[in-house]
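Engineer: A single structure is presented below for examination.
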Amino acid sequence: MWLGAPGRSAGEMATGTDQVVGLSLVALSLVIFTYYTTWVILLPFIDSQHVIHKYFLPRAYAVAIPLAAGLLLLLCVGVFITYVMLKNQKVTKKPQ
């Protein structure tokens, strides 16, 4: 069973737009990963008076931002699951 995009058969290739969007997402993820890794792992070993520190937020945000993003993700997943369950509950009810 092929689990690709809906409406496509197994033999179809991704369109140019799909490839551009995919490459953009990979590039964005790479930039975020590099920035965060430099911020959390390398920056503590660099002198606090160095000019590179002006390009990064304070270290307290290194925990706060991923925590907030994770909570937002959990909230969105929970709302989606609740919506789907309520929608399916209304469909399965039979009129009496």
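The values are calculated or read from the model by the stated rules, or taken from the named source; none is laboratory data. The model shown is predicted, which means the values in this text are computed figures rather than measured ones. A quick note on method: Cβ atoms are made from the backbone with ideal geometry, for glycine too, and the neighbour counts reach across all protein chains shown. The protein model used for the area step is the full one, side chains on, heavy atoms only, and it has no ligands, DNA or RNA in it. Shrake-Rupley method; radii C 1.70, N 1.55, O 1.52, S 1.80 Å.
Engineer: Taking interchain pairs and intrachain pairs at least six residues apart, which have beta carbon atoms under 7 angstrom, with the first residue in segment 30-46 and more than 11 Å from A62 (Cβ to Cβ) and modelled with pLDDT of 90 or more and the second surrounded by 10 or more Cβ atoms within 10 Å (Cβ to Cβ) and not acidic (D, E)?
Structural biologist: Taking only residues 6 or more apart or on different chains, the pairs are I46/I52.
Engineer: Next question. Pick from I32, I65, I52: which is surrounded by 10 or more Cβ atoms within 10 Å (Cβ to Cβ) and more than 16 Å from the chain's Cα centre (by Cα)? Spell out how you get there, then give the answer.
Structural biologist: On the way: I32 fails: more than 16 Å from the chain's Cα centre (by Cα); I65 fails: more than 16 Å from the chain's Cα centre (by Cα).
After applying the criteria, what remains is I52.
Engineer: Let me ask something additional. What pairs come out if I take residues in segment 54-83 that are on the phi < 0 side of the Ramachandran plot and pair them with residues that are open to solvent by less than 70 Å² (accessible area, probe 1.4 Å) and not β-branched (V, I, T) whose C-beta lies under 7 Å away, six or more apart or interchain?
Structural biologist: F56/W39; F56/L43; A62/W39
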